Each structure stands twice: as C-alpha cells, then as structure tokens.
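Asker: Before I ask anything, let me first share the structure, which is written out below as structure tokens.
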Amino acid sequence: MTSQRARDRLARRLGELGIRDPRVLSVMRATPRHLFVDEALAHRAYENTALPIGFGQTISQPFIVARMTEALLEGDLPELVLEVGTGSGYQAAVLAQLVGRVISLERVRPLQRRAREVLSSMRLHNVSLRHTDGTHGWPENAPYDGILLTAAPREIPEPLLLQLKVGGRLLAPVGGEQEIQSLVRITRTPKAFVKDELGPVSFVPLLPGEVS
C-alpha cells in the first residue's frame, strides 16, 4: 500500500473529486505520503482521509492538501510561500515541489523535528522550518506571495494579512472547532482584502504559543 500504484490510484481519485491542475496532480502522485505518518498507519497513507500524527494534530486529507494547493497556485505562480502549521510536513513537501521557497512554522517542536528529517530525506532543500507561534507569522521574510494555514483560526490573525504581498493569496480554514468551518481564499489588492469562500472543511484549531 506504499507503492507507486497506490499513489497513482490516489491521484486518479483526486481528479475524480475535482482537482484539475495537472501540476498538483503530478506532485500528489509523486509524493510519498507514507513517510509522513507513523509506520503503523503506513498502509492507510494513500486513503483520502486525515490521519493522526500525535500531539492532537493530523495529517490533512489528500484532497484538502490538493485543493488548497490548487487554489494557491491560481494566477501567478507564488515564489515565496509561508505555511502556518508544519505538522507532518506533507503540505510543505507538496508546496516545495511547486514554488520557489517555503517557510513553514510549527509550534510543537517534536513535530517540527520529525518533519525536518523527512523533508531532508526527500532532499527538499527549499523548505525552511521554524519553531514558533505561527499566529504571528514570520515578518523577517515578508511580504509573501502566498500564505497557507493548516489549522483553523476563528478569525485570520491580522499579522498574517499584513505579511501578504499586494496581489498575494492567503488560504485558510476559518471557524471554531464546534462550528462549520469554511475554506477561504483572501487576495490582497492595493486597497482591500478580497475574500472568496471555497467550501466547508474540518481542521484542528489554530493555537497560540509554543510546545517544546
């Protein structure tokens, strides 16, 4: 269940579910998702489902990873992308094969360490990982062409909006744990932030602070 055949089946399923960008489907087909989950769950790695990775976190459903990536790539291809919530590192790995550079923030240090090992084994050297409270973003490298949140805030933190380049796009699930969350895309224009709602989703909450 960790073979290329399993990845091919997953990519076909994503196409059936509505993913159209051939670049995204190609990367989803090529990325070894089983490396990002515990060995005991490797046989389920290519199911279209979220899986636990410890610390109350999950590796996102492949369709959601593909959908968020596709929405981020619409229009000009982002050169510099900020990810808030490294988690397993799977979303960062997908992004790193499509954009120039990814800066990924993770509040739980053990998750960050494990993600670093896997990304390094894949030789994805255009990903920079930081252990920090992601709600503050990473202003040192702002502004960003794209920002992607892999956990849901009730409202998008203002520092993240302000670190988005004019013309850039932010993708985030928004809503509380007990609410119907919505995947939103926010595009920064010279005068405003324009929001598009892309459909219902279910994510773990975006939490402040750091865990060592």
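Asker: Taking the criterion of being at pLDDT 95 or above and either more than 25 Å from Gly75 (Cα to Cα) or part of a helix (DSSP H, G or I) (or both), would at least one residue in the range 162-169 satisfy it?
Answerer: There is at least one residue in the range 162-169 that is at pLDDT 95 or above and either more than 25 Å from Gly75 (Cα to Cα) or part of a helix (DSSP H, G or I) (or both).
Asker: Can I ask one more? Within the range 32-49, work out how many residues are free of Cβ contacts under 8 Å to residues at least 12 places away in the same chain and among the aliphatic types (A, V, I, L, M).
Answerer: Going through the range 32-49 one residue at a time, the tally reaches 2.
Asker: If I ask for residues that are of a type in the set (Lys, Arg), within 17 Å of Ile59 (Cβ to Cβ) and open to solvent by 80 Å² or more (accessible area, probe 1.4 Å), which ones from the range 1-22 would you list?
Answerer: Going through the range 1-22, the residues of a type in the set (Lys, Arg) turn out to be 5, 7, 9, 12-13, 20.
Now narrow it down to the ones that are within 17 Å of Ile59 (Cβ to Cβ): 7, 13.
Listed by number, the list holds a single entry, Arg13.
Asker: Yes or no: the range 159-175 includes at least one residue that is exposed (fewer than 13 other Cβ atoms within 10 Å of the Cβ) and over 18 Å from Pro139 (Cβ atoms).
Answerer: No, every residue in the range 159-175 fails to be exposed (fewer than 13 other Cβ atoms within 10 Å of the Cβ) and over 18 Å from Pro139 (Cβ atoms).
Asker: In addition: From Arg109, Arg67, Arg114, grab the single residue that is among the charged types (D, E, K, R), closer than 22 Å to Arg188 by Cα, modelled with pLDDT of 95 or more and open to solvent by 40 Å² or more (accessible area, probe 1.4 Å). Write out each step before concluding.
Answerer: Details: Arg109 fails: closer than 22 Å to Arg188 by Cα; Arg114 fails: closer than 22 Å to Arg188 by Cα.
Every option except Arg67 fails the conditions.
Asker: If you take the residues of the range 186-212 that are touching a Gly at 6+ places or on another chain (Cβ under 8 Å) and at pLDDT below 95, which of them is surrounded by the most Cβ atoms within 10 Å (Cβ to Cβ)? I'd like the intermediate steps shown before the answer.
Answerer: Going residue by residue through the range 186-212, those that are touching a Gly at 6+ places or on another chain (Cβ under 8 Å) are 187-189, 204-206.
Checking the rest, the ones that are also at pLDDT below 95 come to 204-206.
Values: Val204: 18, Pro205: 14, Leu206: 22.
Restricting to residues being touching a Gly at 6+ places or on another chain (Cβ under 8 Å) and at pLDDT below 95, the top hit is Leu206.
Asker: Pick from the range 87-105 the residues that are in a loop (DSSP other than H, G, I, E, B) and touching a residue at least 60 places away in the same chain (Cβ under 8 Å): which of them is surrounded by the most Cβ atoms within 10 Å (Cβ to Cβ)?
Answerer: Our first condition is that a residue be in a loop (DSSP other than H, G, I, E, B); within the range 87-105, this holds for 87-89, 97-100.
When the remaining residues are screened for being touching a residue at least 60 places away in the same chain (Cβ under 8 Å), the result is 87, 97-98.
Working: Gly87: 26, Gln97: 19, Leu98: 19.
This residue is Gly87.
Asker: Cβ-Cβ under 8 Å, sequence separation 6+ or interchain: first residue in the range 174-187 and touching a residue at least 40 places away in the same chain (Cβ under 8 Å), partner among the basic types (Lys, Arg) and in a strand (DSSP E or B). Which pairs?
Answerer: Listed by first residue and then by second, the contacts come to Arg185/Arg169; Arg185/Lys195.
Asker: Okay, next question. With the requirement that a residue be outside any helix (DSSP H, G or I), open to solvent by 50 Å² or more (accessible area, probe 1.4 Å) and on the phi < 0 side of the Ramachandran plot, what does the range 117-137 give you?
Answerer: His125, Arg130
Asker: Just need a number here: residues in the range 164-197 that are within 19 Å of the chain's Cα centre (by Cα) and farther than 21 Å from Val102 by Cβ.
Answerer: Start the filter on the range 164-197 by keeping residues that are within 19 Å of the chain's Cα centre (by Cα), which leaves 164-165, 168-177, 181-187, 195-197.
Those left that are additionally farther than 21 Å from Val102 by Cβ: 174-177, 181-182, 195-197.
Number satisfying all stated conditions: 9.
Asker: Would you mind finding the one in Arg116, Arg5, Arg9, Arg29 that is free of Cβ contacts under 8 Å to residues at least 40 places away in the same chain, of a type in the set (Lys, Arg) and under 28 Å from Leu207 (Cα atoms)? Spell out the reasoning first.
Answerer: Numbers: Arg5 fails: under 28 Å from Leu207 (Cα atoms); Arg9 fails: under 28 Å from Leu207 (Cα atoms); Arg29 fails: under 28 Å from Leu207 (Cα atoms).
Just a single option satisfies the conditions, and that option is Arg116.
Asker: Looking at Leu41, Leu25, Leu35 in this structure, which one is farther than 24 Å from Pro157 by Cα, open to solvent by 40 Å² or more (accessible area, probe 1.4 Å) and in a helix (DSSP H, G or I)?
Answerer: Sole residue among the options that is farther than 24 Å from Pro157 by Cα, open to solvent by 40 Å² or more (accessible area, probe 1.4 Å) and in a helix (DSSP H, G or I): Leu35.
The values are calculated or read from the model by the stated rules, or taken from the named source; none is laboratory data. Please read all numbers here as calculations on a predicted model, not as lab measurements. Positions of Cβ are generated from backbone atoms using ideal geometry, with glycine treated the same way; all protein chains shown enter the neighbour counts. Ligands, DNA and RNA are excluded from the accessible area calculation, which covers all protein heavy atoms including side chains. Shrake-Rupley method; radii C 1.70, N 1.55, O 1.52, S 1.80 Å.
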